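Below is one structure, written out as structure tokens; comments come after it.
The values are calculated or read from the model by the stated rules, or taken from the named source; none is laboratory data. From a predicted model like this one, the values you see are computed outputs, not experimental measurements. Neighbour counts are summed over all protein chains in view; Cβ atoms, including those assigned to glycine, are modelled from backbone coordinates with ideal geometry. Only protein heavy atoms, including side chains, enter the accessible area calculation; ligands, DNA and RNA are left aside. Shrake-Rupley method; radii C 1.70, N 1.55, O 1.52, S 1.80 Å.
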Amino acid sequence: MEKYCVCGQTMSIRLRTVIFSNKVKIENVPIYSCGGCERSEVLQDVKQELSSLIRRLGRNPEKQHIRFNESNELAFLLHEATKRERANVPVEQIVKERVNQLLDLMLLAQSLGDEPWSEEIQDRLSQIAKASIPT
Ligand SMILES: [Zn+2]
């Protein structure tokens, strides 16, 4: 998941709080940031979801506080990986645990016949798959 900046330095992934319209605080948005020139950009893998979230908020959003890691799997995983008590756990391990957890939930949702819930879990699993993290 390494990326190079236009200035030639390596960009690293961080979680940042994004303020939208001066009112909406979106926490834990994964971004690439460059140590060399202060440039930063939102991860390609979360761009679509972030823009649809912003679209849903509309032009005049109410003051609110959103945790992006609660709706986006990649943000969730990065957030887990950066928690201090998990500092020694490799990201692959965290991903594996999360996938197992989601598969358990999936089984539960399916046995309850809860379609929307199964779909939501399916969507979360595909977010992980798309993010090309080795599992
Ligand atoms: Zn740079």
Self-check item: Probe 1.4 Å - accessible area at His65, Å² to nearest ten
Solution: 90 Å²
Quiz item: Given the rule -39500 (n - 2.57) for each run of at least 4 DSSP H residues, summed and divided by the residues of the chain, what is its mean residue ellipticity at 222 nm, to the nearest 500 deg cm²/dmol?
Solution: -15500 deg cm²/dmol
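Trypsin sites (Lys or Arg not before Pro) within segment 65-127: which are DSSP loop residues with at most 16 other Cβ atoms inside 10 Å? Provide the component values of the computation, followed by the final result.
Working: sites: Arg67, Lys83, Arg84, Arg86, Lys96, Arg98, Arg124; in loops: Lys83.
Those that pass, being in a loop and sparsely packed, are Lys83.
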Self-check item: Lysine pairs meeting the criterion (Cα under 21 Å, 8 or more apart or interchain), as found in segment 3-130
Solution: 10
Quiz item: Put a dot 7 Å past each Cα toward the Cβ at Arg39 and Thr82; how far apart are the dots in nm?
Solution: 2.1 nm
Self-check item: Euclidean distance of C-alpha centroids, segment 1-46 and segment 60-83, integer Å
Solution: 14 Å
Exercise. Report the FRET efficiency, 1/(1 + (r/R0)^6), for Gln64 and Ala129, where r is their Cβ-Cβ distance and R0 is 30 Å, rounded to 0.05.
Key: 0.50
Exercise. Return the carbon/sulfur percentage of the accessible area of the chain, one whole number, probe 1.4 Å, all protein chains in place.
Key: 46 percent
Quiz item: Where in the chain are the DSSP H helices whose C-alpha atoms run 24 Å or more along the long axis and whose mean Kyte hydropathy is at least 1.0?
Solution: none
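Ignoring ligands, DNA and RNA, what accessible area per residue does the chain give at 1.4 Å, in Å²? Provide the component values of the computation, followed by the final result.
Details: 8840 Å² over 135 residues.
Result: 65 Å² of accessible area for each residue.
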Self-check item: Summed side-chain charge close to Leu57 - residues other than Leu57 whose Cβ falls under 14 Å, Lys, Arg +1, Asp, Glu -1
Solution: +4
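Please report, to one decimal in angstroms, the Kirkwood hydrodynamic radius of segment 3-130 built from all distinct Cα-Cα pairs. Don't skip to the end; give the middle numbers.
Values: mean 1/r = 0.0616 Å⁻¹.
16.2 Å is the Kirkwood radius here.
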Quiz item: How far apart, in nm, are two points set 7 Å out from the Cα along the Cα-to-Cβ line at Ser71 and at Asp104?
Solution: 2.7 nm
